[in-house]
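Accompanying notes for the structure given below.
Bear in mind these aren't lab numbers, they're just calculated from the coordinates by the rules spelled out. Keep in mind that this is a model prediction, so the values were computed, not measured. Positions of Cβ are backbone-derived with ideal geometry, glycine not excepted, and every protein chain shown enters the neighbour counts.
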Protein chains: 2
Amino acid sequence: MKLGLFGYGTIGRGVYTLIEQLDKSYNCEIKKVFDLPIKKDLLGDKLVCDINDIINDNEIEAVVEVLGGHDVPYEVITKCLKSGKSVITANKEVVSNHLEEFINLAHENNASFCFEASAGGGIPVIRTLIDNIKVNDVNDIYGILNGTTNYILTRMDEDGLSFDEALKLAQKNGFAEANPTADLEGLDIVRKINILSSLAFKGNISNDDIYHYGITGVNKAILDNIKSLGYALKFVASSRKVGNDVTIRVEPTMVKLNHPFASIKNEFNAVLFTGSTNGDLMFYGKGAGSIPTATAIVSDLVSILENRSYIGYKNENKLVVNANSTNTYSYYIVGEDGKGKFRERVSDEELAEALFYARVLD
Amino acid sequence: MKLGLFGYGTIGRGVYTLIEQLDKSYNCEIKKVFDLPIKKDLLGDKLVCDINDIINDNEIEAVVEVLGGHDVPYEVITKCLKSGKSVITANKEVVSNHLEEFINLAHENNASFCFEASAGGGIPVIRTLIDNIKVNDVNDIYGILNGTTNYILTRMDEDGLSFDEALKLAQKNGFAEANPTADLEGLDIVRKINILSSLAFKGNISNDDIYHYGITGVNKAILDNIKSLGYALKFVASSRKVGNDVTIRVEPTMVKLNHPFASIKNEFNAVLFTGSTNGDLMFYGKGAGSIPTATAIVSDLVSILENRSYIGYKNENKLVVNANSTNTYSYYIVGEDGKGKFRERVSDEELAEALFYARVLD
């Protein structure tokens, strides 16, 4: 099978390497790579600088999209699917906004659409979830879905670093981007929990309907207080469906020290979902990084090569997202005096006034 | 698709129920159930008491085998595969002894052979591992693979029960069999780690080449000592491949309190494997019980119904199992005086003389 690769950055290079290492019996080869002209030295004749050079190449049966951003990836994915090419992407922004459209396009054009790397990085959580919901009703999802922020919280906790010091260390070690806002404020997590929730709950969810509150307000004193109370602080996405009402929140969260999330350190991610038939299932692994992400992408590719990439997702059009305006969870709220108090059933308006707050997970 | 079910015990009934609840679009129906004549009241005309009534029924395209034991299941599985029927089984004894034969028979007869429920119960670890090793080299596997013994150790630790009290509680709550020897001595775990290791390392492994030492020697004083040293005691299977040399051991194991295994409680299981490309991956969920096991079985069935059940396993015939007779791990050894000492590079002969011992996991 001839392949096209869109994007030869950190992840694209990882994908290229892993595809070259695949078992030869798959008979699979990257024919063209789309990127900027400056990549000519690295890619030689494989480089193309017009997306249509791949889209219109009938010999190419599948493409990997790792460009980042929204508009060009959206154009690439829709055009490739319409031309009957299978598409693999790691792009959580595009997938969280257009999941149903992409899956329908794939079905209509007898192609595959795979996005394992778009949530949970190297953890094979998406295919597992898709498999699982055919037998199981999943109504609760919890996730530590961002490696950058989990790394920062771990280094603050274990090394006594300040928030700024931990952020700088994360950037130095390649776990945080130069502009880390999407990570720190939870926008990256919003997109990932959206993808997982849409699949689990079988409906469309808008990123705008997901509540999020970042971790920039955390400091060493708060972390120490939380620890002395017997909790670890994690940046957690929680998603719950009751009937057709869905509530999704991304917020700093206190978990007891014997909770499985308490042992998730550094750049690791974890996803916990509760199924009606088999109870709690948790997956834990590297949530970020070139090679873990590339592993998830090439795993998708292998499922296409072995003809087992089918995703029978259907939007059942029943969800009412963010219907529960009354928040029934417990919170630990730090006021202007720096002191924390446990409170229940706090409105989001009250939460907004806190110096910092964390949800308390039972 | 018409199905045959071999065995209408606890798991068989769970399978029956979940198949009846499957989406109607799968158009899937259990035509015949093999069991003893006394099940006539429950099963009516669906009951057959001769395995050949299912094996020779050409309308039946797939069967589920949940009989338990070895000889009849082996006959059922081989005959069904030879007649082109796909087979799903939860039988770790048969799978650990005949994995390669079953997969080859399935390939030769254009059928599927699925065994997700044979290790890790409701945790979808087998399919994930099979997917993963096509991209990743997995050389280390650690597992808490037996719900009964993990339940016993948890209740001893949390409720201060004696070993016998905890065992009785496990039996009362349906987590331990009337004859719990295979669980307590680690034989059940041997079979499961064999299946996972055979897949990961791509070769045949004999159950006889797996070292195992049970937990019957544990008492409250030992558990308290271990806890005071900052460890939790778990019954862990470890499997390591270095070059072509494979060492697999099932033994009581001390893990640090911040190790992910320390938070695996009661009947839950966990599997941790280390991949060359994506690092540590861990899966955690219910390892036993009728419905979690049935969920794994019906998940396999759905993969057959959706034509994505292919397992490209190949025995590469390179493994030398148990080649490392020198044990390089660290141990905590309790002598006749009831006191424990840390020791390194202890021979298995010396271990055999201990009142109780536990491996120390770094």
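Tabulated results
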quantity	calculated
Mean ellipticity per residue at 222 nm, deg cm²/dmol - from DSSP H runs of n ≥ 4 across the protein assembly as shown, formula -39500 (n - 2.57)	-10500 deg cm²/dmol
Inter-copy label distances at A:Lys341 (7 Å, Cα→Cβ; nm, one decimal)	5.8
Contact order normalised by residue count of chain A, Cα under 8 Å, 6+ apart, percent	18
In sequence order, calculated HN-Hα J values of region A:140-145 (Karplus, 6.51, -1.76, 1.60; Hz; x Gly/Pro)	9, 10, 10, x, 9, 10
For A:Thr78, A:Thr17, B:Thr89, order by how many other beta-carbon atoms lie within 10 Å, fewest first	A:Thr17, A:Thr78, B:Thr89
GNM flexibility winner over chain A from A:Val320, A:Val250, A:Val271 (Cα, springs under 10 Å)	A:Val320
Local electrostatic count, B:Ser206, Cβ distance below 14 Å [Lys/Arg +1, Asp/Glu -1]	-4
Built amide H within the under 5 Å cut-off of A:Ser86, gap 5+	A:Ala62, A:Val63, A:Ser112
B:His212 long-range amide H proximity, modeled H, under 5 Å	B:Val250
Other-chain or far-sequence residues with amide H under 5 Å of A:Val138's (modelled H)	A:Ser276
Other copies of B:Ser83: label-to-label distances in nm, shortest first, labels 7 Å along the beta-carbon direction	5.0
For region A:65-99 versus region A:10-50, the gap between their alpha-carbon centres in whole angstrom	18
Charge-dipole axis of the protein assembly as shown as Lys and Arg at +1 and Asp and Glu at -1 on Cβ define it, positive-most pick from A:Leu196, A:Gly287, B:Ile264	B:Ile264
Label distances, nm, A:Leu36 versus same residue in remaining copies, Cβ-directed 7 Å point	7.5
Likely footprinting exposure, A:Thr274, B:Thr247, A:Thr295, fewest C-beta neighbours within 10 Å first	A:Thr274, B:Thr247, A:Thr295
Charged-residue dipole, Cβ positions (Lys, Arg, Asp, Glu), region B:1-125 about Cα centre, Debye nearest 20	240
For chain B, share of DSSP beta bridges that run antiparallel, in % to the nearest 5	60
Rounded to whole Hz, the Karplus (6.51, -1.76, 1.60) HN-Hα couplings of region A:96-113, x for glycine and proline	5, 8, 9, 3, 4, 4, 5, 5, 5, 4, 4, 4, 5, 9, 6, 10, 10, 10
Euclidean distance of C-alpha centroids, region A:215-261 and region A:117-153, integer Å	16
Residue order, fewest to most beta carbons within 10 Å, for A:Ile11, B:Ile297, A:Ile133	A:Ile133, A:Ile11, B:Ile297
Region A:2-114, relative contact order in percent, only Cα pairs under 8 angstrom and at least six apart counted	24
Net charge over other residues, Cβ less than 13 angstrom from the Cβ of B:Leu42 (K, R count +1; D, E count -1)	+1
Phi to ³J(HN,Hα) by Karplus 6.51 cos²θ - 1.76 cosθ + 1.60 over region B:56-67, Hz, x for Gly, Pro	8, 8, 5, 6, 7, 9, 8, 10, 10, 10, 9, 7
Which listed pairs, of A:Lys192/A:Lys241; A:Lys241/A:Lys341; B:Lys227/B:Lys341, have C-alpha distances above 21 Å, in listed order	A:Lys241/A:Lys341
Cut-off 9 Å between beta-carbons: net charge of the residues surrounding B:Ala90, Lys and Arg +1, Asp and Glu -1	-1
Rotation relating B and A, chain A residue nearest the axis via C-beta, angstrom	A:Arg308, 2
